[in-house]
Amino acid sequence: MKLEGRTALVTGASRGIGRAIAIALAEEGADVAVNYVSSEHAAKEVAERIRALGRRALLAQADVADYPDTFRMAQEVLGEFGHLDVLVNNAGINSDKTFVKMDHASWRKVLAINLDGVFNCTKVFIDQMLKQTYGRVVNITSVIGQIGNFGQANYAASKAGVAAFTKSLAKELAGKGVTVNALAPGFIETEMVQGIPERVRNKLLDQIPLRRFGTAAEVARAVVYLVSADGDYITGAEISINGGLLM
Ligand code: NAP
């Protein structure tokens, strides 16, 4: 097992990609704190899966957009685990509209969760990682932050912001035992993409050389690679996992 003795927190781990990441980290031996904002039942199910693997699991409810709330969550997690080795900033939302129809509230909400949330959760754990002189931070960005998309100006801006944040932090923390990387998925089969109409989905598939959407488990395996010893020499990278959509 690659993560024996490690502790991790995954934001937005109640569903989709975050859920798969939390379980994959536990399968490699990590104890995992499962963050969610409102899906308590789903988060409990993820925690049960982790415990069934023989690992410790914590429910870590907090709204990542709310700094005091993330600070409280971090204190609780550190109180239980004693340290935190791996932080996966995965929580994210979209609120799609063409720019002309996009209101300020929708812009703020997406930026608050997707970008401020990454600042908040990293900020509340970074002192502990520096004290340990060890930390692995993985931020989930998106191919949309790399290429932009019709109706997703807010989402694309938030993810491009996270990518730039990743590189800056990687430079600041490289000499201190903390690596910071981003993982940029393309279209992955989760609730986030379930609303895509059949016609649009087929158009997208035409643009993806591997001719399918990815799975949450495939993204999770890339996270395991980055946070295990296999990824020790990688920092400041934004790794694409998109079936060839962007190359
Ligand atoms: P999802 O199925 O919609 O799940 C979103 C997760 O984020 C849930 O666990 C949700 O918790 C949590 N969340 C939402 N707002 C939160 C908040 N304010 N505080 C804490 N947690 C919050 O999404 P997904 O498709 O797995 O996406 C996960 C990440 O991958 C996102 O950052 C997304 O942008 C990125 N991504 C997804 C795709 C894709 O195709 N699916 C592609 C590229 C990038 P609750 O259940 O409690 O609401």
In the stretch 173-190, is there at least one residue being more than 25 Å from Arg136 (Cα to Cα) and of a type outside the set (Val, Ile, Thr)?
-> yes
Here the residues within the stretch 75-96 that are surrounded by 15 or more Cβ atoms within 10 Å (Cβ to Cβ) and either in a loop (DSSP other than H, G, I, E, B) or within 13 Å of the ligand (Cβ to nearest atom) (or both) are His83, Leu84, Asp85, Val88, Asn89, Asn90, Ala91, Gly92, Ile93, Asn94, Ser95, Asp96
- prompt: In this structure, does Ile140 turn out to be out of contact with any Phe, Trp or Tyr (no Cβ under 9 Å at 6 or more places or on another chain), over 21 Å from Ala20 (Cα atoms) and of a type outside the set (Lys, Arg)?
  reply: no
Take Leu226 and tell me if it is crowded, with 18+ Cβ neighbours inside 10 Å and within 16 Å of the ligand (Cβ to nearest atom).
yes
Exercise. Within the stretch 130-139, is there a residue that is assigned to a helix (DSSP H, G or I), in contact with a His (Cβ under 9 Å, 6 or more places away or on another chain) and over 17 Å from Ala184 (Cα atoms)?
Worked result: yes
The condition of being among the hydroxyl-bearing types (Ser, Thr, Tyr) and over 15 Å from Val86 (Cα atoms) holds, among Ser228, Ser240, only for Ser240
Sole miss for Pro68 among (1) in a helix (DSSP H, G or I); (2) closer than 29 Å to Ala153 by Cα; (3) within 9 Å of the ligand (Cβ to nearest atom) is condition (3)
Taking the stretch 157-212 and keeping only residues that are acidic (Asp, Glu) and either outside any helix (DSSP H, G or I) or more than 12 Å from the ligand (Cβ to nearest atom) (or both), one is left with Glu172, Glu189, Glu198, Asp206
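Every read-out reported here was derived from the displayed coordinates using simple, explicitly stated rules and does not represent laboratory data. Only a predicted model underlies this, so the values are computations on that prediction, with no experimental measurement involved. FYI the Cβ positions are ideal-geometry reconstructions off the backbone, even for glycines, and counts take in every protein chain you see.
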